[in-house]
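Note sheet for the following structure.
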Amino acid sequence: MTEAPSYTDIDTLADRLRDVPYESILRTIGRVAERKGIEAYAVGGMVRDVLLGRSTTDLDFVTVGPETGIALAEAVGEALGGRTAHVYPKFGTAAIRIPAADALPDDHPDDALVLEFVAARKESYRSDSRKPEVEAGTLEDDQYRRDFTVNAMAIHLTPDRFGALLDPFDGRRDLERKTIDTPLDPADTFEDDPLRMIRAARFATQLEFRVSDRVFDAMGTQAHRVEILSQERITEELHKMLEADTPSIGFKILEASGVLAHVMPEIQRLKGVDVVNGRDHKDNFYHTLEVLDNVAERTSDRPGAETRWLRWAALLHDIAKPKTKRFDPEDGWTFHGHEDVGARMIPDLFRKWRLPTDERLDYVQKLVRLHLRPIALADEKVTDSAVRRLLYEAGDDIDDLMTLVRSDVTSNNPDRRRRYQRAFDRVEEKMRAVEEKDRLRNFEPPVDGYEIMETLGIEEGVAVGIAKTWIREAILDGEIPNEHDAAYDHLMAIKDEALRRGALFEAMQDRLDGPENRALGAIKEVVFEDPDLPDDREAALDYLNAVKEEALADGPSTDEADP
């Protein structure tokens, strides 16, 4: 991170602004504002980042007077070559998006420069409301309502005072002290908008600053207020925190202040160490944060946003350890099966935290489920079959999985860390050899469902799924090569049994009524996998009926076995 410069006697940023790629746009806005008779300032994060020497692509502008923000945005859009000002009348704001090619250096990682205009306002929040009461205000009013001193600075834009700094709360001093503080009493600041507590942790993370003692104390007393916030606002801050260079900073602040217990109690439950008979286990909260920071460091050559979901996987990889923790007199503390239990927790957590329930959920769930598998492959006696299965299950995400498992090594013993990393080197060498030989990344059986249906003269159904699964398993087990002719020959060898089992499933399906359909998943699993399914039809149906009764007795089930 760029070292904060000295701010002694700074009263203008005009010289510093010459080094930013958008200086000409700022000067254009100043000229347009002067021509329109509108008092206008650049405010907030842009001013902070110019002082820090950080890049930014979100530029905020405040005007004085009702509706002047929208009026200035529309006039600036015309002055910048007829660019569209997207107006949001409900919020009194307008934004102009300028593509990177027109505003940023060729190598800049962002795809656009965004200018946002708003008229100065006062805001206040009722204690039970998420929405502020808003009225027009002065620049000073607008600065008073801002969250932190480092975000409450402004600069003049009019040509005769271009770059002159307005810093009523001494934000420059807090930049130099690397401290997050509030313009007013932090208790009042957080009472107005509790999201600011999470934003304090987020800015501390992004800037690698500390929060002031008074801010930290107020977070502790106001922590419960975050429960009135919409989850979407909270999650947006968590994304930004996760994407920082050292994400653990913010999570430690949230945990120590008591906010995390209200925002992510599942993560909070990882904290703590139990001791029985003098035997303890590591604190899984701090271990998780070490893993998260390790992932950030190992992917530092990529933008944080690009590795967002890998970082979520790191945060959640041990999420089920509190549920699976057991003490064994011989083995000590164990967390058997926490990877599978954790993977099953991911969908509910994603829905709760308003995260996407699409392929990104699948990706995180996959990495959580597989994160212990690679170390088991380090044994010299491991067969190619086990390696094939991991390559098949991980697919294109195998490299991210290996980044996660390497990051999961957090031992304080350097020799132990080296042994694990050498073991992972051996695993990756095995995977390269098997992949080169068997071409299993994104593997699909060389005989697909359509060919199976055409060959066997059947329609889509369980028999097709059985045949596909058995062909796939034969390839993964090394029984047949990953080639069409071998797969087709295997299909002809297994087709009668696949058809028989498909017919048994359909017969059982016809027998089920209403709530009994809850047993379909268990029945399907047996039909696909159980080698003890009797050959005789009636005996087989009796066997499956017993499976049904057992599944119903065990409670609700889902059809998770569908291949």
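The values are calculated or read from the model by the stated rules, or taken from the named source; none is laboratory data. Here the structure is a predicted model, which is why all the values come from computation and not from measurement. All Cβ positions, even for glycine, are placed from backbone atoms using ideal geometry, and neighbour counts span all protein chains on display. The protein model used for the area step is the full one, side chains on, heavy atoms only, and it has no ligands, DNA or RNA in it. Shrake-Rupley method; radii C 1.70, N 1.55, O 1.52, S 1.80 Å.
Odds and ends about this structure:
- Residues LEU541 and ARG326, FRET efficiency given R0 of 30 Å [Cβ-Cβ distance, rounded to 0.05]: 0.15
- Size of the range 342-396 as Cα extents on the principal axes (Å, biggest first): 44, 18, 11
- Overall form of the range 222-262 per C-alpha gyration tensor (a/c, 1.5; a/b vs b/c): oblate
- For the range 308-450: rounded, prolate or oblate by the Cα gyration tensor [a/c cutoff 1.5]: oblate
- Per-pair calculated FRET efficiency, R0 = 22 Å: GLU23 and ASP106 via Cβ, rounded to 0.05: 0.80
- Using the Cβ-Cβ distance between GLU297 and ARG511 with R0 set to 56 Å, the FRET efficiency works out to roughly 0.45.
- Per-residue HN-Hα couplings for the range 492-508 [Karplus 6.51, -1.76, 1.60; θ = phi - 60°; Hz; x = Gly/Pro]: 5, 6, 9, 4, 4, 5, 4, 5, 4, 5, x, 5, 4, 5, 5, 5, 5
- Degrees, to the nearest 10: 462-476 long Cα axis against longest axis of the chain: 80 degrees
- Comparing Cα centroids, the range 157-187 and the range 485-542 end up 71 angstrom apart.
- ASN277 paired with ASP448, simple spin-label distance in nm, labels 7 Å along Cα-to-beta-carbon: 5.7 nm
- Put THR469, THR12 in order of accessible area, highest first, and with a 1.4 Å probe you get THR12, THR469.
- Residue pairs, from the table LYS282/LYS430; LYS282/LYS323; LYS468/LYS548; LYS430/LYS495, whose Cα atoms sit over 23 Å apart: LYS282/LYS430; LYS468/LYS548; LYS430/LYS495
- Taking all Cα pairs closer than 8 Å and separated by 6 or more residues, the relative contact order of the chain comes to 7 percent.
- Derived scalar couplings between HN and Hα for the range 532-545 equal 8, 4, x, 6, 5, 4, 5, 5, 5, 5, 4, 4, 6, 5 Hz in order, rounded to whole Hz, by the Karplus curve 6.51 cos²θ - 1.76 cosθ + 1.60 (θ = phi - 60°), x for Gly and Pro.
- Nearest-ten-degree value, helix 23-36 long axis tilted from longest Cα axis of the chain: 50 degrees
- Taking amide hydrogens as placed 1.01 Å from N in the peptide plane, the amide H of ARG121 sits under 5 Å from those of GLY137, ASP142, each at least 5 positions away in sequence or on another chain.
- With respect to the chain, whose longest principal axis is taken over its alpha-carbon atoms, helix 213-222 is tilted by about 60°.
- Sequence-ordered 3J(HN,Hα) estimates for the range 144-161 from the Karplus curve with 6.51, -1.76 and 1.60 and θ = phi - 60° stand at 4, 7, 6, 6, 9, 4, 6, 10, 9, 8, 9, 10, 5, 10, 4, x, 6, 10 Hz, glycine and proline given as x.
- Shape annotation for the chain: C-alpha extents along the principal axes are 94, 63, 50 Å, from largest to smallest.
- Protein accessible area in the range 259-343, 1.4 Å probe - carbon and sulfur %: 43 percent
- Per residue, the chain exposes 48 Å² of accessible surface when a 1.4 Å probe is rolled over the protein heavy atoms with every protein chain present.
- The Cβ shell under 14 Å around LEU361 holds other residues with a net charge of +3, Lys and Arg each +1, Asp and Glu each -1.
- For the pair the range 308-348 and the range 32-86, the centres of their Cα atoms are 48 angstrom apart.
- Amide N proximity, the range 244-262 versus GLN421 label position 7 Å along Cα-to-Cβ, cut-off under 17 Å: none
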